[in-house]
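Have a look at the structure below, then the notes.
Please treat every number below as a calculation from the coordinates, not as lab data. Model, not experiment: these values are computed from the prediction. No Cβ is skipped: glycine too gets one built from the backbone with ideal geometry, and neighbour counts run over all protein chains shown.
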Amino acid sequence: MEENIEKKQELKSRLIYFFDKNKIKFFILISLLIIAIFALLLVQINVKKKNSSIAEKYIQAGIFLANNENTDATMIFEEIIESKNKFYSILSLNTILEKKLLTDKQKILQLFKKIEKKIENQDQSDLIKFKKALFLINNLEIEEGNKLLQEIADSKSGLKFLAEEILSK
């Protein structure tokens, strides 16, 4: 019984000695952890604010479209695409294409490139390629559009069937 008590006291004294010897290291480690957690929280808050700001801009552009203020809407949609937001950039490009807000083919192709650089998801990338191919075909660049469709048809994309169907026509 006395041995057990002595072992506990010896262990306790070793731990106290270890903590006393490494006190500064523990304070530094705890301080770094607190700073890292604080920085991570700040980054997350900043990302949320940025996303809500872009969402508000998208809604504002929709309101401009509803009021037939197409130039203002187009400027905001382009600004959203420049922000490289994964979700709203694609929606903005879709709206520009559907409503035919821009007529400059080179400008639209630049917007496609900006979005293509940001996309990491393969399905979204294939969808953007597909839309770009259709856009090119509609603007009489059939060879380049067919090349993009062939890339999709050769891949394991969910759009493979549609690309093959368009290529067969």
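Would you please name the residue that is nearest to Glu164 (Cα to Cα), looking only at residues in the stretch 118-152 that are out of contact with any Phe, Trp or Tyr (no Cβ under 9 Å at 6 or more places or on another chain) and small (Gly, Ala, Ser)?
Ala133
Would you say Ile119 is buried (at least 16 other Cβ atoms within 10 Å of the Cβ), under 22 Å from the mean Cα position of the chain (by Cα) and under 25 Å from Glu69 (Cα atoms)?
No; evaluated as a whole, the condition is false for this residue.
Which ones in the stretch 132-169 are outside any helix (DSSP H, G or I) and either touching an Asp or Glu at 6+ places or on another chain (Cβ under 8 Å) or aliphatic (A, V, I, L, M) (or both)?
Leu140, Ser155, Ser157, Gly158, Leu159, listed by residue number.
Among (1) surrounded by 19 or more Cβ atoms within 10 Å (Cβ to Cβ); (2) over 16 Å from the mean Cα position of the chain (by Cα); (3) in a helix (DSSP H, G or I), which single condition is Gly62 missing?
Here Gly62 clears every test but (1).
For the stretch 94-111, which positions are without any contact (Cβ under 8 Å) to a residue 24 or more places away in the chain and surrounded by 19 or more Cβ atoms within 10 Å (Cβ to Cβ)?
Correct list: Ile96 only.
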